[in-house]
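The values are calculated or read from the model by the stated rules, or taken from the named source; none is laboratory data. As the structure is a computational prediction, the values presented were derived from the model and not from experiment. Here the Cβ positions follow ideal geometry from the backbone for every residue, glycine too, while neighbour counts run over all protein chains shown. In case anyone asks, the SASA skips ligands and DNA or RNA and just uses the protein heavy atoms, side chains included. Shrake-Rupley method; radii C 1.70, N 1.55, O 1.52, S 1.80 Å.
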Amino acid sequence: MAHVDAFEMERYQSLYWHLVDYDLSESGVTPLTIRELLGPDADAEFFLQQALGYPLSEGSYETRANIAQWYPECAPENVTLMNGGSEANLLALWSLLGPRDRLAFMLPNYCQGLGLGPFFGDGVDTFKLKPRDGRWSLDLEGLDRAAGKRTSVIMLCNPNNPTGAVLTDAEMQAVIDVATRAGAWIVADEIYRGAELETDVASPTFWGRYDKVIVTSGLSKAFAMPGLRVGWAVAPEDAIAKIWTRHDYTTLTPGIVGDRIAGITMRPDVRETVLGRTRSIVRANLPRLEGWIEAHPSFRYVRPVAGAIAYVGYDLPVRSPALVERIRTEQSVLLVPGAMFGLKKGIRFGFGYDIEYTMKGLARVDDTLADVSSTATHGA
Ligand SMILES: Cc1ncc(COP(=O)(O)O)c(C=O)c1O
């Protein structure tokens with residue numbers, strides 16, 4: 001039987017997020033309630049009368065039409081609904097990778113592709129975002145090297161998890177140029193699109209820039225509804241057909257309640273209201289986290305451009321999984337180590353939840369950091 005590596009980050013979070021005093025591992029913002037989404041005058045009866053039958057396999061036409069409006073020149077036929085962005089990623093890679101195909105995979109990243117690439121295909125070649133001149137920029141030479149004759153998919157996450165970096169137009173074009181040269185598909189995980197810190201315009205999408213693109217996304221991050229388990233793929237119709245074939249073997253359809261709520265959320269007016277809420281949360285909270293970061297002169301930090309996560313590098317003689325595990329066991333605070341994103345000495349901090357709660361968690365992190373620093377100094 002083909003081996004599949006554990007998805008370390010997901011397993012680490014699932015084991016502990018509900019047991020700690022402070023969960024700062026979450027990458028989204030405080031979830032919406034259905035009441036907040038629908039407004040005070042909403043007809044709750046509408047939901048109570050919803051028959052819990054199967055929805056259409058690909059999601060209702062209305063929901064797909066509303067999602068399509070968030071992408072340039074996109075038709076409802078280019079959209080299919082699934083259970084979470086994670087299922088969209090899985091079905092995209094399963095559809096595009098054959099046993100001899102290689103996956104070119106961006107690091108740092110949400111490492112689902114790192115595990116699935118060798119499972120569906122022959123293996124993974126990585127390329128990097130690197131901190132340079134105050135931003136995380138794409139290493140073009142590394143990308144060029146990673147995409148060879150057998151590369152059938154280039155997968156990236158934009159806006160990026162864990163850095164919050166967003167590719168420039170020139171970088172997006174460079175990815176497309178390399179994909180064109182290699183004859184490869186691009187799978188762009190854009191689940192953080194819409195949570196921008198500096199602008200009310202959503203980050204650019206890969207959809208519409210190249211023929212062989214599958215965009216994966218969903219309501220879990222920028223739309224603040226992770227528990228709804230709604231994800232989607234936006235793809236050319238032939239790729240949608242391949243995804244559907246595989247979806248028939250996984251979860252068949254989205255959930256009916258998720259389909260209905262996604263239909264409401266993705267109406268352009270509601271969509272902008274929900275994204276406005278997310279943007280105001282991340283804009284209010286990040287300066288507080290940054291105040292804490294600035295109090296640690298040894299941290300290396302590049303401001304995120306979008307999303308509710310910030311990545312901080314540190315200079316201490318301890319690897320990131322060990323440091324984060326110490327913080328969890330000593331302080332009951334959950335964070336995510338850089339190693340779980342393909343980085344080394346660093347930690348990802350979620351800042352999209354109640355900021356007073358977050359700051360209390362960070363104060364506890366300080367206790368362990370102080371101890372690690374003093375041991376390092378005295379040990380040296
Ligand atoms: C980049 C990225 N893609 C997909 C997912 C999974 O999304 P979902 O919860 O919608 O399955 C995550 C979750 O952290 C993520 O960070």
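Restricted to segment 223-251, and to residues there that are within 11 Å of the ligand (Cβ to nearest atom) and not in a helix (DSSP H, G or I), the residue that is surrounded by the fewest Cβ atoms within 10 Å (Cβ to Cβ) is Arg229.
Scanning segment 18-27 for residues that are part of a loop (DSSP other than H, G, I, E, B) and either out of contact with any strand residue (DSSP E or B) (no Cβ under 8 Å at 6 or more places or on another chain) or more than 16 Å from the ligand (Cβ to nearest atom) (or both) yields His18, Leu19, Val20, Asp21.
Filtering segment 192-244 to residues that are without any contact (Cβ under 8 Å) to a residue 24 or more places away in the chain and under 17 Å from Pro268 (Cβ atoms) leaves only Val201. Looking only at residues of segment 197-222 that are among the small types (Gly, Ala, Ser) and within 27 Å of Leu38 (Cα to Cα), we find that the one that is farthest from the ligand (Cβ to nearest atom) is Ala202. The residue that is most open to solvent (accessible area, probe 1.4 Å), counting only those in segment 197-222 that are of a type in the set (S, T, N, Q) and part of a loop (DSSP other than H, G, I, E, B), is Thr199. In this structure, is Gly113 under 30 Å from Thr63 (Cα atoms), surrounded by fewer than 24 Cβ atoms within 10 Å (Cβ to Cβ) and within 12 Å of the ligand (Cβ to nearest atom)? Criteria not met by Gly113. Just one residue in the set Pro254, Pro287, Pro297 is modelled with pLDDT under 95 and either assigned to a helix (DSSP H, G or I) or not hydrophobic (A, V, I, L, M, F, W, C) (or both); that residue is Pro297.
For segment 105-126, the criterion of being out of contact with any strand residue (DSSP E or B) (no Cβ under 7 Å at 6 or more places or on another chain) and over 26 Å from Arg229 (Cα atoms) is satisfied by no residue at all.
For beta carbons closer than 6 Å, sequence separation of 6+ or different chains, a first residue in segment 135-147 that is open to solvent by 20 Å² or more (accessible area, probe 1.4 Å) and a second that is among the hydroxyl-bearing types (Ser, Thr, Tyr) and outside any helix (DSSP H, G or I), the qualifying pairs are Trp136/Thr163. The listed residues are Ala68, Ala104, and the only one of them that is more than 15 Å from the ligand (Cβ to nearest atom), within 18 Å of the chain's Cα centre (by Cα) and touching a residue at least 24 places away in the same chain (Cβ under 8 Å) turns out to be Ala104. Filtered by the rule that a residue be of a type outside the set (Gly, Ala, Ser) and either away from the ligand (no atom under 12 Å from the Cβ) or assigned to a helix (DSSP H, G or I) (or both), segment 1-17 gives Met1, His3, Val4, Asp5, Glu8, Met9, Glu10, Arg11, Tyr12, Gln13, Leu15, Tyr16. Residues in segment 18-35 that are open to solvent by 30 Å² or more (accessible area, probe 1.4 Å) and either polar (S, T, N, Q) or at pLDDT below 95 (or both): Thr30, Thr33, Ile34, Arg35. From the list Leu48, Leu114, Leu15, exactly one residue is modelled with pLDDT under 95 and either in contact with a Ser or Thr (Cβ under 6 Å, 6 or more places away or on another chain) or on the phi < 0 side of the Ramachandran plot (or both). Which is it? The conditions single out Leu48.
Only one entry in Gly194, Gly121 is surrounded by 16 or more Cβ atoms within 10 Å (Cβ to Cβ), within 16 Å of the ligand (Cβ to nearest atom) and not charged (D, E, K, R), namely Gly194.
Looking only at segment 71-78, decide whether some residue is open to solvent by 20 Å² or more (accessible area, probe 1.4 Å), closer than 16 Å to Gly263 by Cα and at pLDDT below 95. No: segment 71-78 contains no residue that is open to solvent by 20 Å² or more (accessible area, probe 1.4 Å), closer than 16 Å to Gly263 by Cα and at pLDDT below 95.
Whenever a residue of segment 72-98 is within 12 Å of the ligand (Cβ to nearest atom), its partners that are among the polar types (S, T, N, Q) and assigned to a helix (DSSP H, G or I), lying with C-beta atoms within less than 7 angstrom and at least six residues away or across chains, give the pairs Leu81/Thr63; Ser86/Gln112; Asn89/Gln112.
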